[in-house]
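Heads up, the thing below is written out as structure tokens.
Bear in mind that the values in this text are calculations on the coordinates, not laboratory data. From a predicted model like this one, the values you see are computed outputs, not experimental measurements. No Cβ is skipped: glycine too gets one built from the backbone with ideal geometry, and neighbour counts run over all protein chains shown.
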Amino acid sequence: MSEIPQVMRAMVLTAPGKYEIQDVPVPVPGPGEVLCKIGAVAICGSDPEIFRGDIAGDWPPHYPFIAGHEWAGKVVALGSGVDGISVGDRVAGEAHKGCGHCRNCMAGRYTICLNYGKPETGHRHYGFKTNGAYAQYQVFHASTLTPISDNITYMEAAMADTAGVALHGIERAGIEPGATVAIIGPGPIGMMAMKLVRALGAARIIVIGRNPRLESAAKMGCDETVDFTKGDPVAAVRELTDGVGVDICYECSGSKGSINQAIRMVRKGGSVVMLGVAPDTVVEEIPFKYTTANEITIYGSKANPGTGRKYVELLKHGRIYVKDLVTHTFPLEKMSEAIDTFVHRRDGAMKVVIYPNGGEEI
């Protein structure tokens with residue numbers, strides 16, 4: 001194991017909309033924590049909001065701040081009281097660590113911890129409330145780590161958050177073998193949901209969006225696509241299902257009007273899962289009578305509690321393939337170009353991955 005330096009390179013947010021690559025001290029792990037050398041970090045759709053400072057004072061809570069929460073790396077040092085994790089372990093990270101003792105945490109629902117944003121209780125939200133992974137090294141609580149096998153790359157493991165968000169929503173609603181599902185929004189979450197429901201037994205997958213991402217969805221294995229720019233997507237889905245509707249619709253866009261569409265796409269007794277994160281300005285009325293009369297269930301879903309091991313096992317045994325989601329990789333020094341590529345979807349960008357330490361070999 002190489003010697004741990006005292007100084008590292010990190011992308012530091014210095015003010016709303018401003019960031020720069022700086023030399024900063026390598027953090028030291030406290031009780032229950034480990035220091036990790038970061039192998040890969042994937043840019044998340046929430047990151048540009050944090051970079052711009054849209055909700056500065058909340059995300060991030062202060063400046064300077066290091067963002068980044070979709071990461072994987074190698075354990076290089078242990079704080080006191082850490083058990084079950086060793087120096088040299090390769091791990092996938094998770095953004096949320098609940099307080100561990102509130103009602104929701106005790107029920108395993110730590111992504112909706114009742115002490116959210118109160119670090120004195122033990123709560124952490126890495127990359128949002130607590131410094132994150134756009135750096136060569138970072139400290140994380142041991143409970144947020146999932147060991148990964150040698151046949152999994154850091155790039156693949158860094159998408160445990162993206163996969164986990166989709167998987168948590170899938171688990172909330174449940175999926176029966178042979179199900180027909182619709183996915184609104186073929187972005188990273190929607191594409192990952194498509195891959196996961198296929199692995200979990202869905203027989204037919206209909207993806208609703210627009211090109212060029214519909215073309216990507218078709219290449220990655222969906223059964224039918226619906227271009228909402230060319231007609232009523234509800235009517236199209238109904239036609240594809242002989243008027244019955246799909247069993248489950250995963251709303252992954254967060255766009256205004258999409259929940260109404262999802263409700264009307266599912267069959268009587270069907271379910272809608274809200275995976276897309278809409279801005280606060282998107283407020284939508286739902287067809288109240290229709291939803292009630294047809295016993296349609298709507299699930300909210302936040303983040304990825306308890307999904308890390310499941311995703312890693314699916315990867316390890318070849319039950320899910322995610323490398324085709326990564327369209328671009330960049331070193332940390334080219335963070336500005338990486339963000340621009342992601343935000344503006346340059347060259348068909350889907351998932352953009354940062355290598356803070358230069359690549360897979362760390």
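General remarks:
- Diffusion of the range 194-249 by Stokes-Einstein, at 37 °C in a medium of 0.692 mPa s and with Rh set to the Kirkwood radius over alpha-carbon pairs, works out to 281 µm²/s.
- Backbone amide hydrogens, once placed in the peptide plane, bring I183 within less than 5 Å of I206, V207, I208, Y250, excluding anything fewer than 5 places away on its chain.
- Paramagnetic reach from R172 (point 7 Å along Cα→Cβ, amide N under 14 Å) across the range 263-295: 271-278
- Alpha-carbon centroid distance for the pair the range 68-130 / the range 290-362, whole angstrom: 19
- For the range 164-300: rounded, prolate or oblate by the Cα gyration tensor [a/c cutoff 1.5]: rounded
- Here the Karplus curve 6.51 cos²θ - 1.76 cosθ + 1.60, taken at θ = phi - 60°, turns the phi angles of the range 121-130 into couplings of 8, x, 5, 9, 9, 5, x, 10, 10, 10 Hz, with x standing for Gly and Pro.
- Here the Karplus relation 6.51 cos²θ - 1.76 cosθ + 1.60, evaluated at θ = phi - 60°, turns the backbone of the range 100-111 into coupling constants of x, 10, 6, 4, 5, 4, 5, 8, x, 9, 6, 6 Hz, with x for every Gly and Pro.
- Packing here is the average count of other Cβ atoms within 10 Å per residue, and on that basis the peptides 19-25, 250-256, 201-207, 213-219, highest first, run 250-256, 201-207, 213-219, 19-25.
- Seen from S86, the other residues with C-beta closer than 15 Å to its C-beta sum to a net charge of -1, counting Lys and Arg as +1 and Asp and Glu as -1.
- Cβ-Cβ distance of M106 and S80, R₀ of 35 Å, FRET efficiency by 1/(1 + (r/R0)^6): the value works out to about 0.90.
- Of I170, A157, W71, farthest towards positive along the dipole that unit charges on Lys, Arg, Asp, Glu beta carbons give the chain: I170
- Protection proxy ranking of 275-281, 67-73, 235-241 - average other beta-carbon atoms within 10 Å, highest first: 67-73, 235-241, 275-281
- Taking each residue as 0.36 nm, the span from E120 to D242 lengthens on full extension beyond its C-alpha to C-alpha distance by 38.4 nm.
- Sequence-separation-based contact order of the range 164-300, relative, with Cα cut under 8 Å and 6+ spacing, percent: 24
- Only Lys, Arg, Asp and Glu carry charge here, each on its Cβ (+1 for the first two, -1 for the last two); on that basis the chain has a dipole of about 540 debye about its Cα centre.
- Across the range 206-223, rounded Karplus estimates of 3J(HN,Hα) from the backbone phi angles (6.51 cos²θ - 1.76 cosθ + 1.60, θ = phi - 60°) give 10, 10, 10, x, 8, 6, x, 6, 5, 4, 5, 4, 5, 5, 8, x, 6, 8 Hz, Gly and Pro being marked x.
- Convex hull per residue volume in Å³, alpha carbons only, for the range 259-362: 178
- In the list (1) 47, 21, 16; (2) 45, 26, 16; (3) 35, 21, 20, the label attached to semi-axes √(5λ) of the Cα gyration tensor in Å as derived from the coordinates here is (3).
- Taking each DSSP H run with n ≥ 4 as -39500 (n - 2.57) and averaging over every residue of the chain yields -6500 deg cm²/dmol at 222 nm.
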